[in-house]
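Have a look at the structure below, then the notes.
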Amino acid sequence: MHALDWIVPHPKTVTAGRSHVDLSGCRIQPGPATATAALRTLGSTNAPEGRDAPPAGQPGGQPGGPVEVEVRVDAGAGLPPEGYTLSAARDRVLIVGADPAGAFYGAQTLLALTAPPGAACSEHRVCVPEVEIRDWPDLPLRGTIEGFYGTPWTHAARMEHLRFSGRHKLNAYVYAPKDDPFHRERWREPYPDEELARLAELVAEAAARHVRFVFALSPGLSMVYSDAGERAALRAKAEQVWEVGVREFALLFDDIPPELRHEPDREEFGTREGASASAHAAVCRDFAAGFLATRGADRPLTMVPTDYAGTGATAYRDRLAAELPPDVLVWWTGSDIVVGEISARDMTAAAVSYGHRVALWDNFPVNDFDFDRVFLGPLVGRSTELDGVPLEGVTANPMVEAAASRIALTTVADYAWHPAAYDPACSHERAVRLLPGVSELLPLVEACSSWPPSADQSPVLTSLCAKALKGEPPVRLRDELTRLAELPPDVPGPIAAELARWVAAAKDMAVAGLTALDLLAAAPDARPAQAAAVARALARAEEHKANVLRRVIPPFVRAALEQAGHSGTP
């Protein structure tokens, strides 16, 4: 397998040679700070055994002279924003970025080329293939939004997520956990010093990874929009996080009553349908002019409307289009809140209905509507033909399980970088290979890969179960269930730790299915005793709250019991 097959997102244009470039003890020339810092990791981890890596700019001392690795920024290189070129030849590696972000992404691609098992050839301890890469993103905004209900991520999980984002060229992280009280219910109150210090650390880590840290506030549950004091409180809260480095903001008006509830607001904005849009637009105008503009913020405000799903015109959207500042970006979730498919036509229609450019708040792979499920498959159903579509980008809303979310988010990174080339199956295969501990849990990943949530949890197993009930030889079904039953319970790493209860559920569910297969094959006189064992196995499987194939295996097992004439309890 070629080293390029391990890179996510996959580069746009690649010309690869047959030779390799030896990077053992390479000499890293001083360059853009973040890119050079990333490549120092290459030098420290890939030094020949028994010898420290040379400092940046110092000779490596290896035979024939060390390979020089140079990174530079050239705005005149003819590359789109965040683009880069990477040239790896016999004695030199050159990365040229259109901007510092592009240079950093080129460095990440070089690091990825050295990472796969067996990447080094027989002659070199650490090397990359001779290669010419020219690469850039199609969507300006590519990231994630911690916007789910439920237990917010830990600080450590967020820090690791930012590192993950940088590796895979996701350039935005939106801080918007619904159950952070200072984000939503107690939005007026300043963060305690300890919480503020953690936010500052996240902001610094994001900057080092070229990830835009977007701080979101959700005041709509209680805000009196027309009150000058309330607007001042919103600006004061933003000022607190501005002081620790936040430079991009969002205001969220989602999941609140559609009508205005405070009498001063009804007097100010009226009571006709869509009046709340006027209130939300007024708050956004005040924040943009009174806070962002006075501080010279580089990026405009982003907002989530109350009417955030669907594609048609509404009274709310008509008012928002007319009264929201033209540069404000509007988040939108698709034709519904959680969706299986989003077409280019949907995206265009949504932008027209809001009168603004939109970004997709993609509620994938979020599981806050059913914490007993995990969604470990690839992003599917999103249009890949986006030429001329007024879409700024995509921010995916992950699961409560931060580490396990990376399986799906790796494919989001692939899609957002180059939608036209996105192949869900190939991207998912790369994600499984790249993330530690996932390959060992592949049967579970496959069993939890369906999307949308209403879809058949496993069309393959559903079909195999139906065939087995009709008397067809269940060889493949037995093989698949055996793979699940034999899942290792002790895989190391954070992903496996988060998925432990689904592993346990999968194993018991598979055992129930296997005992049902034994029942179908049993002689008539052995069926009563066998049926009782099947019923007990099913009961044990259904004791788990974690949902693995709950809509597939139990119906099959009950049908097998019915065929055997068993109607009792375990």
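The values are calculated or read from the model by the stated rules, or taken from the named source; none is laboratory data. Remember, it's a predicted structure, so these values are computed and weren't measured experimentally. Counting neighbours? That spans all protein chains shown, and the Cβs are built from the backbone with ideal geometry, glycine included. In case anyone asks, the SASA skips ligands and DNA or RNA and just uses the protein heavy atoms, side chains included. Shrake-Rupley method; radii C 1.70, N 1.55, O 1.52, S 1.80 Å.
General remarks:
- Extension gain for residue 289 to residue 442 (0.36 nm times residue separation, less C-alpha to C-alpha distance): 50.0 nm.
- Of (1) 0.97; (2) 0.95; (3) 1.03, the label for Rg/Rh (Cα atoms, Kirkwood Rh) derived from the coordinates: (3)
- Once all protein chains are placed together, residue 222 keeps about 40 Å² accessible to a 1.4 angstrom probe.
- Calculated [θ] (222 nm, deg cm²/dmol) that DSSP helices of n ≥ 4 give over the chain, each run adding -39,500 (n - 2.57): -12000 deg cm²/dmol
- Projected label points at residue 40 and residue 243, each 7 Å from Cα along the beta carbon direction, are separated by 3.1 nanometres.
- Accessible surface of the chain [probe 1.4 Å, protein heavy atoms]: carbon and sulfur percent: 52
- Neighbourhood charge, 13 Å Cβ-Cβ cut-off, centred on residue 388 and excluding it, Lys, Arg +1 and Asp, Glu -1: -1
- Maximal additional length on extending the residue 200-residue 384 stretch stands at 62.6 nm, based on 0.36 nm per residue less the C-alpha distance.
- Taking packing as the residue-averaged number of other Cβ atoms within 10 angstrom, the listed peptides 128-138, 483-493 run from highest to lowest as 128-138, 483-493.
- C-alpha center-to-center spacing [region 513-566, region 354-416] in angstrom: 37
- Cα gyration tensor shape of region 261-315, rounded if a/c is under 1.5, else prolate or oblate by comparing a/b with b/c: oblate
- Shown is the FRET efficiency for residue 151 and residue 470, computed with R0 = 35 Å from the Cβ-Cβ distance and rounded to the nearest 0.05: 0.20.
- Å² of accessible area per residue within the chain, as computed with a 1.4 Å probe and no ligands counted: 40
- Average Cα contact separation per residue, the chain, under 8 Å, 6 or more apart, as relative contact order %: 11
- Between residue 222 and residue 298, the contour length at 0.36 nm per residue exceeds the Cα-Cα span by 24.4 nm.
- For trypsin sites (Lys or Arg not before Pro), no site in region 388-460 is both called loop by DSSP and has at most 13 other Cβ atoms within 10 Å.
- Each Lys and Arg Cβ is given +1 and each Asp and Glu Cβ -1; about its Cα centre, region 202-326 then shows a dipole of about 440 debye.
- Accessible surface of residue 394 - all protein chains present, 1.4 Å probe, nearest 10 Å²: 0
- Alpha-carbon centroid distance for the pair region 81-150 / region 434-496, whole angstrom: 33
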